[in-house]
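Here, each number is a calculation from the coordinates, and none is a lab measurement. What you see is a predicted model, and the numbers here were worked out from it, not measured in a lab. When we count neighbours, we look across all protein chains shown, and the Cβ atoms used for this are built from the backbone with ideal geometry, even at glycine.
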Amino acid sequence: MRLLFVTSSFARFDGDPTAAAGLGVYQLVRELGKHVSGTVITPAQPGAPEQERLGGMVVRRISPERPAVALHQAKNPRHLMRAYRVDRAMKRAARYIAPLHDVAHGHWAFPGGAAVTRLDIPSVVVCLGTDVHKYSRMPLFRSAFKEVVTRASANIAMDPGGKARIEEVSGREAFFIPNAVPLEDIALGDAPAGKHLAWVGRMSPEKGPDVMIRAFAIAHARDPELTLTMMGDGGEMTAVRALAGSLGVADAIDFRGAVHNNEVLDCYMTSALVVVSSRSEGMPASSLEALATGRPVVATDVGGLRGLLEGGGGLTVPPDDPPALAEAIALALGRRWDPEFLRSQVEHASVAAVAKTYLEIYSQIAGSRGLAGRAPSVAM
């Protein structure tokens, strides 16, 4: 089988600190490359090779470079124009080489899904979060989203809510497959102890870094021994730092900016718990990786986080509620957690397991335009 994989998110290298969702995609493609051959089409990025090989998969990074921000954050006309040019370039490249492949995989509904569902080969569309939870409800994108998920041979969501939304729009059953976690590369830590918290994500409104700061200020007022490390960069960094200063907790917070994934995992090892304060999500890699290291997660009840944690991996609270988040942090710090049990909650999401499921889907749709019968879901 030859696979065409089209994605706007792709790391420059394994552990790329600027990659966000693209790091998991890189690791997934590397695993897929052990079993199939094919091509990855992704936008060029500074510091990334124009072409590289990951097993049987050849990665082609094409011009123009992707915008510095995600599509839904692009308010600058220059960013919007580049996003449009990236979309056109990816569609052209996909059309050109599609005849050499058996199955096409579009990662994100836009632009990957929009590119692969116009080809004359079976297509899989993966919706990671924003595309299904936000774009599918926006007047500007609603009809285009419906067209993409209706034309796809198979649709995949990263969380149960996204799966339900795809099914509502397309009228067909979808798959639920979580983000892939490189369990083989993540060490299991000792039982969590101490009063240090970890947070990782883009400094952008949907990730709720301001919610984290406000919750931490409440918790820190009750227990001045609490400390926090925030990893990630973005347009809200200046405002978030200013908020920490105005609330008097700047000295208790270590803002590390964009860091290598290994540094993120090292930070988890020295933390008592990991906090996710997002206003919207699919299935954040930060929560999966935290559980893999044996760390409990306190998170807002968005995307697939409740389903991930309700088995005993942590606590969830309503989104955009700093007092509730602060209270959950205190409760989690007062509990005893078993690292091996926490890790067991994400064994189904290992890169190898997720890649195997993708390969099964590719095989089912090869030579057809859709899946017959019930689409099997990956249960959490």
Between 0 and 90°, nearest 10: helix 21-32 axis offset from the chain longest Cα axis | 50
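Can you give the longest stretch of the chain with no exposed loop site, where a site means GluC sites (Glu not before Pro) in a DSSP loop (not H, G, I, E or B) with at most 10 other C-beta atoms within 10 Å? Walk me through the numbers before you get to the answer.
Working: sites that count: Glu50, Glu225.
My reading of the result: 51-224 is the longest stretch.
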Contact order relative to length of segment 206-277, as percent, for alpha carbon pairs under 8 angstrom and 6 or more apart | 42
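What size of dipole, in debye to the nearest 20, comes out for the chain about its Cα centre when the only charges are +1 on Lys and Arg C-beta atoms and -1 on Asp and Glu C-beta atoms? Mind dumping the intermediate values first?
Working: 41 positive and 39 negative charges, 344 e Å.
The calculated dipole for the chain is roughly 1660 debye.
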Partner lysines for Lys356 [C-alpha distance under 22 Å; skip if fewer than 8 residues away on the same chain] = Lys34, Lys163
Scalar couplings 3J(HN,Hα) for segment 251-260 by Karplus 6.51 cos²θ - 1.76 cosθ + 1.60 (θ = phi - 60°), nearest whole Hz, x for Gly and Pro, are 6, 9, 10, 9, 8, 9, x, 6, 10, 5
In the set (1) 28.2; (2) 21.0; (3) 23.3, which value of Kirkwood radius over Cα pairs in Å was calculated from the structure you see?
-> (2)
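As a test of the formula, what do you get for the chain when each DSSP H run with n ≥ 4 contributes -39,500 (n - 2.57) and the sum is divided by the residue count, at 222 nm and rounded to the nearest 500 deg cm²/dmol?
Values: 13 runs with 137 residues, N = 380.
That calculation yields -11000 deg cm²/dmol at 222 nm.
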Expressed as an acute angle from 0 to 90° and rounded to the nearest 10, what is the orientation of the C-alpha long axis of helix 142-151 relative to the principal long axis of the chain?
-> 60
Using unit Cβ charges (K, R positive; D, E negative) and no other charged atoms, how large, in debye to the nearest 20, is the dipole of segment 215-268 about its Cα centre?
-> 160
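Two-decimal Rg/Rh of segment 183-347 from alpha-carbon positions, Kirkwood Rh? Walk me through the numbers before you get to the answer.
Numbers: Rg = 14.2 Å, Rh = 15.3 Å.
Reported Rg/Rh, Kirkwood definition of Rh: 0.92.
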Between segment 174-195 and segment 83-99, what's the alpha-carbon centroid distance in Å?
-> 34
Between segment 126-144 and segment 309-356, the Cα center-to-center distance that results, in Å = 27
Could you work out the relative contact order of segment 73-232, using alpha carbon pairs under 8 angstrom and six or more residues apart, expressed as a whole percent?
-> 13
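Assigning unit charges at the beta carbon (Lys, Arg +1; Asp, Glu -1) and nothing else, what dipole magnitude in debye, to the nearest 20, does segment 183-347 show about its Cα centre? Spell out each step's value before the answer.
On the way: 13 positive and 23 negative charges, 70 e Å.
It comes to approximately 340 debye.
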Calculate how steeply helix 322-333 sits against the longest principal axis of the alpha-carbon atoms of the chain, using the helix alpha-carbon long axis, and give the answer as 0 to 90 degrees to the nearest 10.
-> 80
When the distances between all Cα atoms of segment 104-229 are binned every 10 Å from zero, what whole-number percent does each bin get?
-> 12, 31, 24, 20, 12, 2, 0
Of the candidates Ala198, Ile218, Ala152, the farthest towards the positive dipole end of the chain (Lys/Arg Cβ +1, Asp/Glu Cβ -1, centred on the Cα centre) is Ala152
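For segment 183-347, what relative contact order do you get, as a whole percent, if you take Cα pairs closer than 8 Å and at least 6 residues apart? Before the final figure, lay out the partial values.
Details: 331 pairs, mean separation 48.1, N = 165.
The normalised contact order for segment 183-347 reaches 29 percent.
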Around Leu32 (Cβ within 13 Å, Cβ-to-Cβ, excluding Leu32; K/R +1, D/E -1) the net charge comes to +3
